[in-house]
Amino acid sequence: MTGNDIRYLFEPRCVAVIGASSDPKKIGYIIIDNIISSGYEGPVHPVNPKGGQILDRKVHTSISDIDGPVDLATITVPAQFVMDAVKDCARKGVKYISIITSGFSEIGNHEEEQALVHVARENGMHILGPNIFGIYSAKAKMNATFGPKGIMPGHVSIVTQSGALGIAMIGKTKSERIGLSSIVSMGNKCDVDEAEVLDYLIEDDDTKVILMYIEGIKDGEAFVHKLKEATKIKPIVVLKSGRSKRGAMAAASHTGSLAGADEVFSDVMRQCGVLRAESIQDALNWCKYLANSVPPKGNNCIIVTNGGGIGVLAADACEKYGVDLSDDIETMKATFADVVPCFGSVKNPVDITGGASLQDYESSLDVAIDNDNIDSIICLGCETATIASGSLDETIRRVYSRGKVEKPMVFSFFGGSEIEGNCEKLRSDGIPIYTDVYEAVSCLGALYNTWKHSSRKGNGTEDPGVDLVCVNKVIDEVLADGRNFLLAHEAKLVMDAAGIAMPKSFIAADLKQTIEAAEAIGYPVVMKIVSKDIVHKSDAGGVALDLQSRHEVMDAYEAIMHSCRRYAPKAKIEGVEVVEMVRMDVETIVGARIDPSFGPVVMFGLGGIYVEVMKDVSFRSYPIDRSEAMKMVSDIRSYPLLLGVRGEGKKDICKVLDCILKVGHLIKNVPTITDIEINPLVVYEEGDGARALDARILVSPKKEVSS
Ligand code: COA
């Protein structure tokens, strides 16, 4: 191991507990007891100024009295003594410190916490916590937590920000017979964060699945980067609390108000290939299944059932969780013709009928296991007399042990207490059987999502063709003028520099120029007030649409000037913008902003004036490639509008993708832009392009998050 290698945390060669106590009720005792009784093979040193012995170990009065290096020191002294303990660790040359103690940033005591980080960094140490229950590592046979004893070693690693939930999960995984490779309590994350923990877990062969419970994210950009790297190698399941409205409340634009923290989180997790579970039970089911199942070789899933109704329920669940049902009729006929009665169905779902015996189940599943054109199996059953009279338990065990090495399988049997008892027994022995069809299919869905993501190939980043020099020049002038927003003509300059098409427009200082501009563009035209002091132009009566003639332009000019002067008498009016009135088609919205959690984020959705009502939008952390931009576009509910409805042709989706990549490039590479919103971006039929009718751009001298 070298320098700050995180293996010192997971595989320490020697541990100390500062604040060790001989009182069995105290955390300082429980941790020593847990470390010893979990079978840790390295030296364990209790530290307490009183000295003496704890659990037959000599108590050192100071950590500096310990012979040899200490890789991990766990601190269990009250908050006011933690700084001294950390300084002692620095003198000793400790590598990692796990600070159990509460009373820091979680109660507003940021200064003290930062001071600890400072001392640690100056001395090449790293801090886990504070405010944690500790760390368990199966590889080191070390339970350095004050949670329950007897953690079952296995292949799931839990990384949790919640202490109480984490401790409860130790108990729950035990009762669900889910083995753990590690469990790490993150607490206040003053130093070591999830991305660093992932560094270890990605490499750790014992860890097959990672379960993370997250409340908030600190360095979202680095985290996203690490998640993308990790999910190429092993599945990650995330549980996140807090459907926060923080982002929405403080937002200065639609992009912001639509970017509720939770919506952005969900989309970004999906982008990273992370499975987001809504409940603890789902998360644990998925982890157990993902840790034990073989990966699928293809998409073709089949359902074998003794009841049509439950088969349809499972088909619905397949659609919900992204499991593709095979519709290869020839394979189905060839496989099942000999084992399904003539009044059953060999189509997917395969209905072996209500009279099916356990022997019939076994025959059908055997042929499905043997057929290479079938990639996964969902086996369902409703309780019938023929099932109840046989040994369901033995049949499932036999079929599963044969099939599990070949392809993913899940089972769901529904019925009375006997069936439920059977299911429970089988599940505690590691067989994926559930009484609820949705629970069963969701596990298979988690596996398929992971498999599809890890086998997905991106198409590389591209240069979206944005003239950044020109953009920076425009924005420098805006900032020099003391503004944080761009006027319409300035936004148009930025759009031009980015190669995003806008309607033709001219700024006119007086009526004469206005008429000249309208005639040069051609009727009909739109007219908009230009004033730094009037941001909401429509509210001020500063917009006139569909002006068909010179006469209408003259009338509209007078009307706009009159109502804007009345709306804002002190406003400095620079003139009007005369804009080509373009024909309408599908209205979309494209935006980008600096998100408080994830940094540069792009947004796409159904645009127009109802954008906030419809909330039909998707988000991605930028950078993304063209294929991810396409996924983002096809994610929204209104996507069929872009494919063409009611006889219309397909829309120019390619131009939408260009626009998303361009605004992403702007937000990432222009340090002064905080928000961009194009609404609407009107998308015409394929080949006819798209036009940005309005672009709002917010800037700040120093890039700050817009919340
Ligand atoms: N070095 C070594 N030991 C020291 C010490 C020092 N500088 N200063 C005090 N101690 C000893 C104490 O003498 C005591 O040992 P004793 O039982 O032999 O007297 C031991 O450290 C613990 O100190 P004590 O004052 O008894 O504290 P405590 O055990 O009641 O509480 C914490 C300490 C850390 C558990 C408590 O402050 C705390 O933060 N609790 C919350 C923990 C938590 O919930 N974390 C988040 C979980 S998710």
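Laboratory data are not the source of any read-out in this text; all were calculated from the coordinates shown. Because the structure is predicted, anything quoted here is derived from the model rather than measured. Backbone-built Cβ (ideal geometry, glycine too); neighbour counts: all protein chains shown.
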> In the stretch 269-376, what GluC sites (Glu not before Pro) fall in a loop by DSSP, with at most 11 other Cβ atoms inside 10 Å?
Replying inline: E278
> Which value, in debye to the nearest 20, describes the size of the charge dipole of the chain about its Cα centre when Lys and Arg Cβ atoms bear +1, Asp and Glu Cβ atoms bear -1, and nothing else is charged?
Replying inline: 1380
> Which shape class applies to the stretch 546-606: rounded if a/c is under 1.5, otherwise prolate when a/b exceeds b/c and oblate if not, where a ≥ b ≥ c are the square roots of the Cα gyration tensor eigenvalues?
Replying inline: oblate
> Nearest 0.05, what FRET efficiency do S175 and C470 give at R0 = 45 Å with Cβ-Cβ as r?
Replying inline: 0.10
> What ranking do 652-661, 419-428, 546-555 get when scored by the average of other Cβ atoms within 10 Å per residue, highest first?
Replying inline: 652-661, 419-428, 546-555
> Rounded, prolate or oblate: which fits the stretch 554-686 when a ≥ b ≥ c are the square roots of the eigenvalues of the alpha-carbon gyration tensor, with rounded for a/c under 1.5 and prolate only if a/b beats b/c?
Replying inline: oblate
> For S549 and K218, FRET efficiency with R0 = 41 Å and r from the beta-carbon atoms, rounded to 0.05?
Replying inline: 0.10
> Tell me, R696, R593, R456 in order of fewest to most beta-carbon neighbours within 10 Å?
Replying inline: R456, R696, R593
> Cα axis of helix 280-292 to longest principal axis of the chain: angle in degrees, 0 to 90, nearest 10?
Replying inline: 70
>> Take V405 and S627, extend 7 Å from each Cα along the Cα→Cβ direction, and tell me the distance between the two endpoints in nm.
In response: 3.3
> How high is the relative contact order of the chain, in percent, with contacts defined as C-alpha pairs under 8 Å that are six or more residues apart?
Replying inline: 9
> Hey, any idea what Rg/Rh is for the stretch 328-383, computing Rh the Kirkwood way over Cα pairs?
Replying inline: 0.92
> Any idea what the dipole of the stretch 422-495 comes to, in debye rounded to 20, about its Cα centre with Lys/Arg Cβ at +1 and Asp/Glu Cβ at -1?
Replying inline: 320
> Rounded, prolate or oblate: which one fits the stretch 494-602, using the alpha carbon gyration tensor with axes a ≥ b ≥ c (rounded when a/c is under 1.5, else prolate when a/b beats b/c, else oblate)?
Replying inline: oblate
>> Would you report the distance distribution of C-alpha pairs in the stretch 1-112 as whole percents per 5 angstrom bin, up to the bin with the largest distance?
In response: 2, 12, 23, 24, 20, 12, 5, 1
>> As a test of the formula, what do you get for the chain when each DSSP H run with n ≥ 4 contributes -39,500 (n - 2.57) and the sum is divided by the residue count, at 222 nm and rounded to the nearest 500 deg cm²/dmol?
In response: -12000 deg cm²/dmol
> How far is helix 220-231 tilted, in degrees, relative to the longest principal axis of the Cα atoms in the chain, given as a value from 0 to 90 rounded to the nearest 10?
Replying inline: 50
> On average over all directions, what projected area in square nanometres does the stretch 86-179 have, based on the convex hull of its Cα atoms?
Replying inline: 6.6
>> Could you order the peptides 598-604, 321-327 from most to least packed, using the average number of other C-beta atoms within 10 Å per residue?
In response: 598-604, 321-327
> Where does the charge balance sit around A356 when Lys and Arg score +1, Asp and Glu -1, over other residues with C-beta under 13 Å from its C-beta?
Replying inline: -4
> Dividing the convex hull volume of the alpha carbon atoms of the stretch 307-406 by its residue count, what do you get in Å³ per residue?
Replying inline: 98
> If you add up the charges near E196, with Lys and Arg at +1 and Asp and Glu at -1, over every other residue whose beta carbon is less than 14 angstrom from its beta carbon, what do you get?
Replying inline: -3
> Between I100, Q80, V44, whose Cα lies farthest towards the positive end of the dipole of the stretch 25-153 when Lys and Arg beta carbons carry +1 and Asp and Glu beta carbons carry -1, centred on the Cα centre?
Replying inline: V44
> Any idea what angle helix 392-403 forms with the longest principal axis of the chain, computed on alpha-carbon atoms, 0 to 90 degrees, nearest 10?
Replying inline: 70
> Picking from G216, Q548, G309, whose Cα lies most toward the positive end of the charge dipole for the chain (charges on Cβ: Lys, Arg +1; Asp, Glu -1)?
Replying inline: G216
>> If N is the number of residues in the chain, what value comes out of its Cα radius of gyration divided by 2.2 N^0.38 Å?
In response: 1.18
> What is the Cα centroid distance between the stretch 141-218 and the stretch 79-133, reported in whole angstrom?
Replying inline: 21
>> Kirkwood Rh and Cα-based Rg: tell me the resulting Rg over Rh for the stretch 370-431, rounded to two decimals.
In response: 0.98
> Quick one: if the Förster radius is 35 Å, what FRET efficiency do N109 and K50 give, using the C-beta to C-beta distance and rounding to 0.05?
Replying inline: 0.80
> Restricting attention to the stretch 18-102, which trypsin sites (Lys or Arg not before Pro) occupy a DSSP loop and are surrounded by at most 12 other Cβ atoms within 10 Å?
Replying inline: K25, K50
